[in-house]
Every structure is written in structure tokens, then in C-alpha cells.
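The structure under discussion appears below in the form of C-alpha cells.
No value in this document is a laboratory result; all are computed from the given coordinates. Everything quoted here is computed from the prediction, not taken from an experiment. Using ideal geometry, Cβ is built from the backbone for each residue, glycine included, and neighbour counts are taken over all protein chains shown.
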Amino acid sequence: MTDVNRDHEINFAIWQIAESYFIEDDPNICWPWLGGFDSRGTPRFKKNKIYYKARRVILLHHLGLKQSDLYLLTKPECKLQTECCNWNHMFLGTPKQSTALLIDSRRHDSLNRKGEKHPMHILTEEKVLTIRAEYAEGMSYTELSHKYEVAYVLIIKIINRELWNHI
Ligand SMILES: [Zn+2]
């Protein structure tokens, strides 16, 4: 997946906004973006009337860069793909690498799609309500985190209504 935005320099204030919309967790699992998206489903946020691509901000900050001309690419093994904020699942690459990766990820997709259950990373209101109900029935944070394939910390925040507090 490609995601280019060379327009705006990233500073600490910008990073802090991005940081408030995901939870850093186990590097081996996906960290879902909990903020808004553009019409194409790309995670983004707004500051001073400027929209920033969240994943680009996150990766550049992690690499200690303010800007880059390279593409933001997602590793094929990343389950959440364009919604993932885990910097271990992203890297910067050339347009050529981007094309190669796209072919690779399509191959990876077609190999893995069969029989694979739909990942539960993307939470819906229904799932959030179910998580709270199952917690009330005695399931632990860890069990829920494994069942829904989301970060442990995310489950805690859902239960404590730090997230999804509108339902
Ligand atoms: Zn991921």
C-alpha cells in the first residue's frame, strides 16, 4: 500500500496528536488507528486546518525524520494493513519497491484468504458491547485481547470507557 504526503513537516506537536489515537503494544500485533479516516479509508487527523496522514507521521517520527520523499509501505504480513499504526509493520520504500510489494501482498492475500476468519481488529459498536458483556460475565482482559486480536490496553480502555464511551 502506498501513502505519499511530502507536503507538511512533522513536529512534536503533530506527533502528539497522532500518538493519542493508537496504543503502542506488542510489536508483533497490529495497533489499530482509533481516530478518523478520509474517504478512502486512510487514517488521518487535523491540526490548524491541515490534514495529516497518521501512519506517515507515526513512522517518520519513529525513524526520527521530519519529511521523506519515499513511499510509506506496509509489510504483507500486517493484518490490518492501511489501518495499522505499528511502526514495525511499516517501512519507507521506493516506487519500485512499492510495486513489488503490491504484487507480493496480492499473492499473500490470495494464499491466506481461504478459510481465514475475518479479523476482529476493526471494532464496531456491536463488538465493543459484546466485549463489555463478556467482561461482565467473567472473561479476563487477556482472554478478550486474544479473542478479538486487539491490544490488551485497548480492552482495558474499552472496559473503563476511556474509549467508545458514547455507547
Ligand atoms: Zn499491522
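So if I check each of 50, 58, 14, which one is under 21 Å from residue 150 (Cβ atoms) and among the β-branched types (Val, Ile, Thr)? Working first, answer last.
Details: 50 fails: under 21 Å from residue 150 (Cβ atoms); 14 fails: under 21 Å from residue 150 (Cβ atoms).
Matching residue, one of 50, 58, 14: 58.
Tell me, which residue of region 39-72 that is among the basic types (Lys, Arg) and within 12 Å of residue 11 (Cα to Cα) is surrounded by the most Cβ atoms within 10 Å (Cβ to Cβ)?
Only one residue fits best here, namely 47.
Can you name every residue in region 40-84 that is touching a His at 6+ places or on another chain (Cβ under 7 Å) and aromatic (Phe, Trp, Tyr)?
52
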